[in-house]
Structure formats: structure tokens, C-alpha cells
1. Residues to consider are Leu113, Leu134, Leu126; find the one that is touching a Gly at 6+ places or on another chain (Cβ under 6 Å), closer than 17 Å to Phe207 by Cα and not aromatic (Phe, Trp, Tyr).
2. For Leu99, state whether it is in a loop (DSSP other than H, G, I, E, B) and either within 22 Å of the chain's Cα centre (by Cα) or surrounded by 21 or more Cβ atoms within 10 Å (Cβ to Cβ) (or both).
3. Please tell me if Asp47 is surrounded by fewer than 14 Cβ atoms within 10 Å (Cβ to Cβ) and either within 14 Å of Ile253 (Cα to Cα) or of a type in the set (Asp, Glu) (or both).
4. From the list Leu134, Leu172, Leu155, Leu116, which residue is outside any helix (DSSP H, G or I), on the phi < 0 side of the Ramachandran plot and in contact with a helix residue (DSSP H, G or I) (Cβ under 7 Å, 6 or more places away or on another chain)?
5. For Leu36, which of the numbered conditions (1) farther than 30 Å from Glu261 by Cα; (2) outside any loop (DSSP other than H, G, I, E, B); (3) of a type outside the set (Gly, Ala, Ser); (4) away from the ligand (no atom under 16 Å from the Cβ) fails to hold?
6. List every residue pair whose Cβ atoms sit under 7 Å apart, with the two residues 6 or more apart in sequence or on different chains, where the first one lies in the stretch 56-82 and is in the same structural domain as Ala45 (by TED's automatic domain parsing) and the second, anywhere, is of a type in the set (Asp, Glu) and near the ligand (Cβ under 10 Å from one of its atoms).
7. How about the stretch 50-63: which of its residues are surrounded by 14 or more Cβ atoms within 10 Å (Cβ to Cβ) and part of a loop (DSSP other than H, G, I, E, B)?
8. Looking at (1) in contact with a Pro (Cβ under 7 Å, 6 or more places away or on another chain); (2) modelled with pLDDT under 95; (3) not acidic (Asp, Glu), find the lone condition where Leu172 falls short.
Amino acid sequence: MTTELALVAIAFFVFGLLLGSFGNVVIWRFPRGESLSSPGSRCPACDAPVRWYDNIPVVSWLLLRARCRSCGEPIATRYPAVELLSGLLWLAAGLTFGLGGQAVIAGFFFWTLLILTFIDLDTMRLPNPIVGALALLGFAGATVSQVTSVDWVPLTGGDASPLLGAVFGALLGAGISGGIAALYAGVRGRSGFGMGDVKLLGAMGFFLGPYVLLSLFIGSLFGAVVGIVTAARSENGLATKIPFGPFLALGGILAALVGPEIVRMYLALVTG
Ligand SMILES: [Zn+2]
């Protein structure tokens, strides 16, 4: 890697950190219906405004030793964790998708999935406006790819027609998961798979094309393991509810980053 490219990679990481900081604002305020732009950040414990020099992603948290400068109350580890995850996801997007336009789209895809993950953990909901914005970004990216022949969206590539591949992925994601949800509701009499999850898979389909199925598979695998462990530890047993959005987000990120490689390795294994 040349020095120039290394600098661009660092820029992706830093931009991801900064977006992660804004992501914390979205995760906290959006479910509460609060404005995302004003007022500035305040300490949840003492309401003191956070100074700009105390709001530098990850660094300020370390310098403040995880405590508010005004009241000394602990600052949750989640804030720097979201910032760092966002930075690393943007770096991974940059290195995987060539530090250009496609990498920027992948970065925003991952960042939105990160935000949805934490909102789902907090509220057991995937807000329609955020999932809708994600779908719009995917559709717009596929349209630009179609018109300009740049092959950006779907991220997994290899589509004769990007727009057709993206729309097919969206229909596949929402259709299959919608079918599973209906079946599950019919058999169990209650839904374990929410409409929010169905819509999210639809939105992810624009970015992943047919690889949206791989994201559902990976998400279900991790979800099942965590679900069984959680149920075994909980008094409510199998009635324990866990949000599925975080697992779908993980599946979507992995499918985008290494989906084609996973399928290639699998096919090589199967066909010997
Ligand atoms: Zn405070």
C-alpha cells in the first residue's frame, strides 16, 4: 500500500469514528423523538453540556478515565465502543471496497446497521424511517450503478444489471423472511420474527443482491446460539425475547465483506 492510500485508509477510519460519535446521538435521541441537531450533547447524569474537547471520539473517554468532567459519574463503555466499531467498520469498508465511492456506500450501510443494532437492543424496535433511509440509499446506489456502469451496488457485485440484482435481492430478503414470519406465526401462534426484521432484510437486499440469503443464514445461526444460551439462563425459558436485528446486521456486514468468498469456499468444498 502506498503512503497516499494509507492516508486515505486512515481518513476512512477517522471519518468512521466521527460518524460513530453522531451515531451515539442518533441511538439515544431517535427513539425518544428528540432533535438530532440541537441542543449539543449533555451528560445524562448531571445535564452539563459536553465541551468539544471532551467529545473527541474514544480519546476523550480515555483522557477523562470514563467519568464526566462535571459530576464524576461514569460514562458508559458503550459510547466509545460504538465510536470504535464505526471507525473499524469504515476502515473495513475502505480496505474491502477500494477506498472510493463504493467504499463510502458500504461505510454508510455498515454505520446504519450499527445504529439499528443498538436501537433494537434498547427498544426491541427497528424504526421505519431509518430502515427506509437505508433502503433508499441502496436503491439510489443501484440506480447510479445501472446508469453509469460503475458496479457499486449491489456491493457483492457480479450482476449483469445492478438495478435488477438489487431489486431482486430486496424482494428475496423481504419475501423469504416474510414467509418465515407468516409460517412461524401460524405454527407458534405468535411471531418471533418481527415485521421490522422483514423490512430490514428487504433494505439489506438492495446492497447484497442474492447474498441477502447468506446474511439471513448467518444471522439465524448466531441468533439461534445466543437465543438458546439466553433461554437456558433465563427464568422465562424459551419465552425469553431477544431482538433479531443485531444478528441480521452482523449477517449483512459479513455477507458484504466476505460473502462471495464464503460461497466460493463452500462450492469448492462441495464439488471437491
Ligand atoms: Zn455529569
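The values are calculated or read from the model by the stated rules, or taken from the named source; none is laboratory data. Bear in mind that the values here come from a model prediction, so they are computed numbers and not experimental data. Quick reminder, even Gly has a Cβ in these numbers, built from the backbone with ideal geometry, and neighbours come from all protein chains shown.
1. That would be Leu113, the only listed residue that is touching a Gly at 6+ places or on another chain (Cβ under 6 Å), closer than 17 Å to Phe207 by Cα and not aromatic (Phe, Trp, Tyr).
2. Numbers: in a loop (DSSP other than H, G, I, E, B): yes; either within 22 Å of the chain's Cα centre (by Cα) or surrounded by 21 or more Cβ atoms within 10 Å (Cβ to Cβ) (or both): yes.
So Leu99 fits the description; yes.
3. Working: surrounded by fewer than 14 Cβ atoms within 10 Å (Cβ to Cβ): yes; either within 14 Å of Ile253 (Cα to Cα) or of a type in the set (Asp, Glu) (or both): yes.
Answer is yes for this residue.
4. Numbers: Leu134 fails: outside any helix (DSSP H, G or I); Leu172 fails: outside any helix (DSSP H, G or I); Leu116 fails: outside any helix (DSSP H, G or I).
The conditions single out Leu155.
5. (2)
6. So the pair list comes out as Arg67/Glu73.
7. Residues of the stretch 50-63 surrounded by 14 or more Cβ atoms within 10 Å (Cβ to Cβ): 50, 54-61.
Correct list: Val50, Asn55, Ile56, Pro57, Val58.
8. (2)
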